[in-house]
Amino acid sequence: GAVVSQHPSWVICKSGTSVKIECRSLDFQATTMFWYRQFPKQSLMLMATSNEGSKATYEQGVEKDKFLINHASLTLSTLTVTSAHPEDSSFYICSASLAGGQTGELFFGEGSRLTVL
Amino acid sequence: LAKTTQPISMDSYEGQEVNITCSHNNIATNDYITWYQQFPSQGPRFIIQGYKTKVTNEVASLFIPADRKSSTLSLPRVSLSDTAVYYCLVRRRDDKIIFGKGTRLHILP
């Protein structure tokens, strides 16, 4: 099946710094990528929808200036957590939709665990 | 986006067949039903997808009645490694996926 890779898989940073997480579709082109965050014992929460070449669409309550999303190519989307604080510590997961796919199956990355000290 | 309801948790024993039912009363004509599995600290993994009747693959079966207002994921002969959270999702092809709470399945030896 299609593979989506995230990097880094885990990162620790100091409060106030910015962290970039990459999401790549390795063997297919993805016109749309989604970013989620997940707190312990909770479900995935959709943060934003990222379309190649256009601005991301953020879900209600998600600060677009804090969570910068760039989808510069059909195989790469990045999430930058700016001025990170301890409450931003979470598990961030991306998913990609196969362009032209018949049923729109989503493929998920392995996730990136962010810990802000 | 159709809302889904599934049990919060389930326990079963190794070797048993496990059936997890999901309700989606507001499912629309163009909606597909998809199930994902998630292990701790990993991204969700696709299990099976269907539109109507029955779908079977190497890991599971999906039963969808004619009215499509519910669906049942069937896992044959579960093992300890099937302990995970299972999510039932309903969406149109290009819609974003909104996750519900999922079912936490715990397999006992």
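The values are calculated or read from the model by the stated rules, or taken from the named source; none is laboratory data. Because the structure is predicted, anything quoted here is derived from the model rather than measured. Positions of Cβ are generated from backbone atoms using ideal geometry, with glycine treated the same way; all protein chains shown enter the neighbour counts.
Miscellaneous remarks
Conditions (1) assigned to a strand (DSSP E or B); (2) at pLDDT below 95, marked per residue:
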position	(1), (2)
B:15	no, no
B:30	no, yes
B:33	yes, yes
B:72	yes, no
B:100	no, yes
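- Within segment B:60-97, restricting attention to residues that are out of contact with any strand residue (DSSP E or B) (no Cβ under 6 Å at 6 or more places or on another chain) and within 13 Å of chain A (Cβ to nearest Cβ), the residue that is nearest to residue A:57 (Cα to Cα) is B:95.
- The listed residue being assigned to a loop (DSSP other than H, G, I, E, B), within 14 Å of another protein chain (Cβ to nearest Cβ) and farther than 20 Å from residue B:89 by Cβ, out of A:53, A:61, A:16: A:61
- Restricting B:20, B:48 to residues that are closer than 17 Å to residue B:86 by Cα, aliphatic (A, V, I, L, M) and within 12 Å of another protein chain (Cβ to nearest Cβ) narrows the list to B:48.
- Test for residue B:6: is it among the polar types (S, T, N, Q), under 30 Å from residue A:6 (Cα atoms) and out of contact with any Ser or Thr (no Cβ under 9 Å at 6 or more places or on another chain): no
- Residue check, residue B:7 more than 17 Å from residue A:105 (Cβ to Cβ), over 12 Å from the mean Cα position of the chain (by Cα) and either surrounded by 20 or more Cβ atoms within 10 Å (Cβ to Cβ) or not β-branched (Val, Ile, Thr) (or both): no
- Hits in segment B:90-109 (condition: hydrophobic (A, V, I, L, M, F, W, C) and within 16 Å of residue A:42 (Cβ to Cβ)): B:97, B:98, B:99
- Residue count for segment A:42-58 satisfying the condition of being of a type in the set (Gly, Ala, Ser) and surrounded by 15 or more Cβ atoms within 10 Å (Cβ to Cβ): 4.
- If you go through segment A:78-106 and keep only what is of a type in the set (Ser, Thr, Tyr) and within 14 Å of another protein chain (Cβ to nearest Cβ), you end up with A:89, A:90, A:92, A:95, A:97, A:103.
- Subset of segment A:64-90 that is touching a residue at least 40 places away in the same chain (Cβ under 8 Å) and either outside any loop (DSSP other than H, G, I, E, B) or touching a helix residue (DSSP H, G or I) at 6+ places or on another chain (Cβ under 6 Å) (or both) - its residue that is farthest from residue A:107 (Cα to Cα): A:86
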